[in-house]
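A.B. asks: Structure provided below as structure tokens; questions to follow.
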Amino acid sequence: MRIPFTKMHGLGNDFVVLDGRAEALPPVDARVAAALADRRTGIGCDQLVLMEPSETATFRMRIFNPDGSEVGACGNASRAVALLHGGPCTIETGGGLIEARPEGDGIAVDMGQPRFGWDEIPLAYAMDTLSMPVGWEELESPAAVNVGNPHVVFFVPDTDAVELDRLGPLIENDLLFPERINVNVATVTNRGAMRLRVWERGAGLTRACGTGACASAVAAMRRGLADRTVEVTLPGGPLTIAWGEDGSITMTGPAAESFRGSFEWDDFA
């Protein structure tokens, strides 16, 4: 059975999108997802994304990391599938219902309301999530935010000086985080701008992370370091994050289609 796919990206965070809305896809499990995501022997991507029918939204989105783990939300993938859909839409995700619409040259996504409770992140035990009394070497006192998936945010003088490729997996897999964690290091340059690098759980260093940008912006706003709208610049480029008075986060940025192709399902099943 040949399966069509679309290769897409948001600021260099790249996806293989399988569209199962009109015709059901064969069952996708962790092994199949990891095989397709492999950049040497598969198609290659940061995340495998499935579009499926939904009873509560325009369509459902499922997201798999390169290690085969399934996650609840991905901001860049949300923009990509909205672009593929071609108009305003609601998207059912494991992290909740989100809305997307064309906005200028990009896509604006309503990511819903962030959660801050220690048990909503989740953490292994109760603590203040605005300034957590924990640290790993020079990375100390992070904020924790759940924006459909869990993040910790460290504010540092220079995000590029942090050995995130070494410290990222150490923090991601700490027992403090029973579902593992996404690790963000952010530098606030002024009240309307910040720079960010992200270690994604199950994926590693990435050129862009939409939920990481949302979590880091909200953490900066909660700490009084930034205004309610901020431009977050990642290695792949900028995203605009606004935290509205209604509590919802809006992320605006580009998405693009790279190419289309097909593969033989039995080669990866």
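A.B. asks: Go through the residues of region 159-171 one by one and say whether even a single one is modelled with pLDDT under 95 and either among the hydroxyl-bearing types (S, T, Y) or over 25 Å from S69 (Cβ atoms) (or both).
C.D. replies: The answer is no; no qualifying residue exists.
A.B. asks: Which of the residues spanning region 21-49 are within 14 Å of S262 (Cβ to Cβ), in contact with a Leu (Cβ under 7 Å, 6 or more places away or on another chain) and not β-branched (V, I, T)?
C.D. replies: Selection gives L25, L36, G42.
A.B. asks: Which of the strands (runs of 3 or more DSSP E) contained wholly in region 163-254 include at least 2 residues that are surrounded by 24 or more Cβ atoms within 10 Å (Cβ to Cβ)?
C.D. replies: Here the list reads 182-190, 193-200, 229-234, 237-243, 249-253.
A.B. asks: So which strands (runs of 3 or more DSSP E) stay within region 10-121 end to end and still have 2 or more residues that are touching a helix residue (DSSP H, G or I) at 6+ places or on another chain (Cβ under 6 Å), under 21 Å from A203 (Cβ atoms) and in contact (Cβ under 8 Å) with a residue 12 or more places away in the chain?
C.D. replies: 13-19, 47-52, 59-64, 106-112
A.B. asks: So which of A215, A220, A226 ends up being among the small types (G, A, S), closer than 21 Å to G112 by Cβ and in contact with a His (Cβ under 6 Å, 6 or more places away or on another chain)?
C.D. replies: A215
A.B. asks: Are any of the residues in region 122-129 part of a strand (DSSP E or B) and either in contact with a Lys or Arg (Cβ under 7 Å, 6 or more places away or on another chain) or not acidic (D, E) (or both)?
C.D. replies: no
The values are calculated or read from the model by the stated rules, or taken from the named source; none is laboratory data. Worth saying up front: this structure is predicted, and the values here are computed from it rather than measured. Ideal geometry is used to build each Cβ from the backbone, glycine not excepted, and the neighbour counts take in all protein chains shown.
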